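Single-structure report; data block below.
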Amino acid sequence: MKRIILLLLTLFCIGTITAQNTLNNKADNIIGTYSGKQGSDKFKVKIVKLKNGTYQGQVTWLEHSTDSKGNKILDTKNPDKNLRSKPADCIVLFSGLKYNAKKKHWDDAKIYDPQRGIRANMTAVFTSDGRLRIKGSLFGISESVYWNKENK
């Protein structure tokens, strides 16, 4: 019985690792629409490939995109004053993201956190359960959020 359980656990682990490696083995696997949540904010992000071969992620939907008076919520915390009048449901979170074939993840970009108005170094990798882990790091402090890909 112990051998059967050990065999099943081994097969499960191999399948999980194989699925994760498959998603992380092809640069364009990151393209798509994702749903996520940060704090109580639910949102959707669309990742596209740009003409220069890098990737960009833009907010396409927010659960709460208007204030109590029905006005669009704006990107008021953006350090670029020219972007503070942009609707929050149109914010470009990152641009210039590159696939790192050696490390089998995406990196070399900055991600914008509209809740705090900061930009941080970004890496992205698919987890064993198929979610996209977005990790932002600034001054040695890191935070990860997980996005679920829609229409796989």
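Can you tell me which residue is farthest from the chain's Cα centre (by Cα) among those in the range 44-88 that are among the basic types (K, R) and open to solvent by 80 Å² or more (accessible area, probe 1.4 Å)? Spell out the reasoning first.
Step one: of the range 44-88, the residues among the basic types (K, R) are 44, 46, 49, 51, 69, 72, 77, 81, 84, 86.
Restricting the remaining residues to those that are open to solvent by 80 Å² or more (accessible area, probe 1.4 Å) gives 46, 49, 51, 69, 72, 77, 81, 84.
Numbers: K46: 9, K49: 14, K51: 20, K69: 30, K72: 24, K77: 20, K81: 25, R84: 22 Å.
Going through the qualifying residues, I end up with K69.
Can you spot a residue in the range 63-74 that is assigned to a strand (DSSP E or B), touching a residue at least 12 places away in the same chain (Cβ under 8 Å) and not aromatic (F, W, Y)? Walk me through how you get there before you give the answer.
So in the range 63-74, the residues assigned to a strand (DSSP E or B) come out as 66, 72, 74.
Next cut, touching a residue at least 12 places away in the same chain (Cβ under 8 Å) only: 72, 74.
Remaining after also requiring not aromatic (F, W, Y): 72, 74.
Yes: one or more hits.
When the residues of the range 89-115 are filtered to those that are in contact with a strand residue (DSSP E or B) (Cβ under 6 Å, 6 or more places away or on another chain) and outside any strand (DSSP E or B), which remaining residue is least open to solvent (accessible area, probe 1.4 Å)?
So the first thing to find is which residues in the range 89-115 are in contact with a strand residue (DSSP E or B) (Cβ under 6 Å, 6 or more places away or on another chain), and the list is 89, 91-100, 105-112.
Next, only the ones that are outside any strand (DSSP E or B) stay: 89, 91.
Details: D89: 26, I91: 7 Å².
Top of the filtered list is I91.
Residue under question is T54, and the condition is that it be free of Cβ contacts under 8 Å to residues at least 40 places away in the same chain and β-branched (V, I, T); does it hold? Spell out how you get there, then give the answer.
Details: free of Cβ contacts under 8 Å to residues at least 40 places away in the same chain: no; β-branched (V, I, T): yes.
Answer is no for this residue.
Out of the residues in the range 116-129 that are touching a strand residue (DSSP E or B) at 6+ places or on another chain (Cβ under 7 Å) and under 30 Å from T66 (Cβ atoms), which is surrounded by the fewest Cβ atoms within 10 Å (Cβ to Cβ)?
Residues of the range 116-129 that are touching a strand residue (DSSP E or B) at 6+ places or on another chain (Cβ under 7 Å), as a first pass: 118-127.
Narrowing the set further to residues that are under 30 Å from T66 (Cβ atoms) leaves 118-120, 122, 124.
Working: I118: 15, R119: 18, A120: 18, M122: 21, A124: 23.
Here the residue is I118.
The values are calculated or read from the model by the stated rules, or taken from the named source; none is laboratory data. Worth saying up front: this structure is predicted, and the values here are computed from it rather than measured. No Cβ is skipped: glycine too gets one built from the backbone with ideal geometry, and neighbour counts run over all protein chains shown. Areas reflect the complete protein model, heavy atoms only, side chains present, ligands, DNA and RNA absent. Shrake-Rupley method; radii C 1.70, N 1.55, O 1.52, S 1.80 Å.
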